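Each reported figure results from applying straightforward, stated rules to the coordinates on display, with no laboratory input. Just so we're clear, the structure is a prediction, and the values are computed from it rather than from any experiment. Cβ placement follows ideal geometry from the backbone for every residue including glycine, while neighbour counts extend to all protein chains displayed.
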Amino acid sequence: MKQLIQSYKTGELGVYEVPAPICGENGVLVRTITSLVSAGTEKMIVDLAKKSLFGKAKARPDLVKQVVNKMKQEGVKNTLEKVFTKLDTPIPLGYSCVGEVVKVGAKVTGISVGDRVACGGAGYANHSEINYVPRNLFVKVPKNVSDADASFVTVGSIALQGIRQTNPTLGEKVVVMGLGLLGQITVQLLKANGCKVLGTDFDPRKLELAKKLGADEVCSPDEVIDKAKLFTNGNGADAVVIAASTSSSQPIADAGEISRIKGRVIVVGLVGMDIPRTEYYKKELELKLSMAYGPGRYDPKYEEQGIDYPFAHVRWTEGRNFEAFLDLVDEGKITPSEMVTHEYEFENALTAYDLLEDKIKEDYLGILLNYKEEYSLKSELVKISDATIKSNELNIGLIGAGNFTKSVIIPNLKKIKNANLVGLCTATGVSAHSTGNKHNFKYITTDYQELLKNNDINTVFITTRHNDHGEKVLTSLKADKNVFVEKPLAILESELEEIKDFYANSDKKPVLQVGYNRRFAPLVQAMKKEAGDLPMSINYRVNAGVIPKDVWVQDPAVGGGRIIGEACHFIDTCTFLIESLPESVFASCVTKPDQSIPDEDNVSITIKYQNGSTAVINYYAFGNNQLPKEYIELFAPDLAMTMDNFRELEIFKGGKSKKYKNSNQDKGFKGEFTALKTAVEKGELAISFDEMYSTSKLTFAILRSLKTGELQKL
């Protein structure tokens with residue numbers, strides 16, 4: 001299929017051939033009929049992508065500060081590699097379309113193949129021939145609503161949510177600032193609510209259209225102070241809706257001046273927010289920001305997992321705003337097609353963006369892209385290069401291409417001689433196309449089963465979200481592929497036991513390796529060499545930093561939480577240094593009134609090993625991020641060592657001390673992939689299965705200890 005993609009790094013736009021998305025169980029696949037180009041939002045995205053690196057930094061000073069802090073922690077080289085990888089992330093443009101359902105997910109009801117649906121959501125309702133859309137982000141289109149009108153569903157819902165925040169009543173006088181798509185629809189919605197409307201914009205043609213669509217009065221922003229006084233008989237506006245897009249704070253200032261005492265100012269557009277306190281204070285104005293399409297926006301449980309809010313408690317969600325907007329169109333109260341100025345075939349989509357970039361000197365407002373009826377849902381590998389594959393090398397099929405994979409895993413794999421990136425599977429064609437071309441993969445796909453069927457691939461890398469790991473590890477092993485899986489091995493004990501059973505009962509035992517990279521870090525290797533097999537005690541302090549509750553890592557069903565998802569790293573490092581398996585564990589966590597992060601994210605873990613050694617892992621999320629993340633102290637007879645964040649190691653032994661220093665962090669990523677390559681060549685595990693199994697088993701025991709307050713034996 002074809003999709004419109006922009007490079008965030010260079011700003012280059014193109015319509016590219018990419019694999020069709022897979023239909024998830026919580027959504028549908030939609031063949032796009034018409035999509036809307038948002039002249040405001042998409043122009044802003046395109047303009048930002050076209051800026052130089054300095055221009056991007058100037059536009060986002062908050063991100064520059066994060067980069068500087070990261071440099072202090074990880075070194076300049078490592079940080080810059082991650083920054084440039086992030087800049088290489090492609091942008092799927094579009095967020096409002098209409099299409100025909102061509103496949104329905106297993107958990108979706110009330111919809112059938114062939115139904116016409118209007119779809120919304122950045123990253124879902126893309127300018128693409130086929131889109132995967134979760135169930136809360138599409139609604140059926142009424143029979144009498146045209147494709148052109150239905151394609152406005154997202155923009156219409158943004159305007160509708162602004163109206164809900166305005167809470168207008170019959171007869172009120174409202175000023176709408178900015179008469180782009182949002183403003184024009186806002187004018188019509190206010191008229192449907194029985195309000196008197198004054199619209200303002202610098203463009204005379206938009207003023208004329210607003211008049212046609214129902215505005216009682218219109219004027220230039222330069223005239224709005226005097227015009228509003230006449231319009232409201234000197235009383236001031238009951239409400240002002242700001243739908244403009246400008247970095248200036250002048251609309252905020254003007255809104256305060258033209259409002260009545262106790263009036264409402266609602267910001268729907270993107271404007272400067274320097275608020276003149278005196279005016280707003282004296283009039284006791286109410287200032288509200290409207291959040292895009294409505295409740296559910298930015299909530300992954302609602303948007304990604306399809307978990308709806310109870311109707312009785314949240315009357316107007318994103319999806320229900322979509323329905324309400326289309327009902328108003330069906331009744332003739334809103335006429336989006338009146339705003340359409342240009343239509344293009346999807347193959348000529350770049351012409352639409354020439355308009356936005358002023359390469360074509362024409363007035364524009366609503367721009368539609370129309371798609372042909374032909375489509376393909378084939379998921380086989382798409383060949384994108386003619387790379388030669390040698391069967392006796394490490395030939396990799398990579399599943400998942402998130403930020404960590406692109407910034408850490410792939411760059412380190414490319415440092416390994418005779419390691420070849422052969423096949424790439426990602427959730428979206430955009431990611432597959434971008435990452436596949438940049439790193440010269442031979443094939444791309446959105447169906448990981450295609451990698452398992454390909455004979456060029458002997459080793460599968462699994463770097464998806466944690467809930468995928470267990471099932472994909474087992475399926476890949478059964479397909480006789482060697483497997484590298486980013487931690488954790490599994491987030492369910494049942495899956496862990498299935499993997500153990502496979503290794504215990506299968507004649508074929510492909511190589512399995514979990515991404516416990518720290519044991520391969522040069523400074524940790526030096527610690528192991530110095531300590532040997534002495535009985536020892538380890539203190540491992542981790543200043544982990546906060547991960548908010550709404551991030552997928554914290555969802556027990558998706559990420560497994562931070563103990564299963566991350567603490568396994570530190571358990572494995574201790575196990576490697578001690579060279580024994582754990583026999584028991586006791587854990588306790590901080591209890592605190594603030595529940596913005598789980599108590600379990602601040603935990604002390606005490607492990608007893610079979611050889612008599614001990615390890616204490618203190619894992620803290622609520623510390624200050626200026627302190628380096630990881631610090632290890634190791635004590636053994638006549639030996640003490642400290643390792644500071646993989647950049648400095650100091651060894652005290654026999655009345656002497658010595659130091660090792662690294663200018664950049666080396667957490668062992670290259671080392672673990674070198675070990676994997678050797679393991680595949682020899683058919684032997686680089687980390688024993690018992691160690692990988694016991695590390696995951698221990699994380700489940702830690703959670704039980706926290707719940708019961710008791711020591712857990714393994």
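About its Cα centre, what dipole magnitude does the range 337-387 give when the only charges are +1 on Lys and Arg Cβ and -1 on Asp and Glu Cβ, stated in debye to the nearest 20?
Roughly 220 debye, rounded to the nearest 20.
Taken about its Cα centre, the chain carries a charge dipole of about 1740 debye when Lys and Arg each add +1 at the Cβ and Asp and Glu each add -1 at the Cβ. The distance from the alpha carbon centre of the range 171-230 to that of the range 569-597 is 61 Å, rounded to a whole number.
Ordered by the count of other Cβ atoms within 10 Å of each Cβ, fewest first, HIS313, HIS439 give HIS313, HIS439. Relative to the Cα centre, the charge distribution of the range 517-713, modelled as +1 at Lys and Arg Cβ and -1 at Asp and Glu Cβ, gives a dipole magnitude of about 380 debye. Ranking ILE225, THR186, CYS97 by Cα position along the charge dipole of the chain, where only Lys, Arg, Asp and Glu carry charges on their C-beta atoms, puts ILE225 farthest toward the positive end. Comparing the chain with the 2.2 N^0.38 Å rule of thumb, its C-alpha radius of gyration ratio is 1.09 (two decimals).
Between 0 and 90 degrees, the angle of helix 522-531 with respect to the longest Cα principal axis of the chain falls at about 30 degrees.
With N as its number of residues, the range 385-511 has a Cα radius of gyration that, divided by 2.2 N^0.38 Å, comes to 1.02. Helix 76-87 axis versus longest C-alpha principal axis of the chain: approximately 40°, rounded to the nearest ten. As a length-normalised measure over Cα pairs under 8 Å and 6 or more apart, the relative contact order of the range 385-511 settles at 24 percent. Among ASP327, ASP572, a tally of other beta-carbon atoms within 10 Å of each Cβ gives an order, fewest to most, of ASP327, ASP572. The antiparallel fraction among DSSP beta bridges confined to the chain stands at about 60%. Couplings 3J(HN,Hα) of the range 345-360, computed from phi: 5, 4, 4, 9, 4, 4, 5, 4, 7, 5, 4, 4, 8, 6, 6, 10 Hz, in residue order, whole Hz [Karplus 6.51 cos²θ - 1.76 cosθ + 1.60, θ = phi - 60°; x for Gly and Pro]. Positive end of the dipole of the chain (Cβ unit charges, origin at the Cα centre): among SER248, GLY171, ASN403, the Cα lying farthest that way belongs to ASN403. Dividing the mean sequence gap of close Cα pairs (under 8 Å, 6+ apart) by how many residues the chain holds gives a relative contact order of 11 percent. Tell me the angle of helix 469-478 to the major Cα principal axis of the chain, expressed in degrees between 0 and 90 and rounded to the nearest ten. Tilt relative to the chain: about 60 degrees. Relative contact order for the range 637-714: 15 percent, from Cα pairs under 8 Å spaced at least 6 residues apart, divided by residue count. In terms of other Cβ atoms within 10 Å, LYS361, LYS677 run from fewest to most in the order LYS361, LYS677. Projecting the Cα positions of THR428, LEU496, SER588 onto the charge dipole of the chain (unit charges on Cβ atoms of Lys, Arg, Asp and Glu, taken about the Cα centre) puts SER588 furthest along the positive direction. Which shape class, rounded, prolate or oblate, goes with the range 517-713 when its Cα gyration tensor gives a ≥ b ≥ c as root eigenvalues, a/c under 1.5 marks rounded, and past that a/b bigger than b/c marks prolate? Here the range 517-713 falls in the rounded category.
The calculated 222 nm mean residue ellipticity attributable to helices in the chain amounts to -9500 deg cm²/dmol, summing -39500 (n - 2.57) over DSSP H runs of n ≥ 4 and dividing by all residues.
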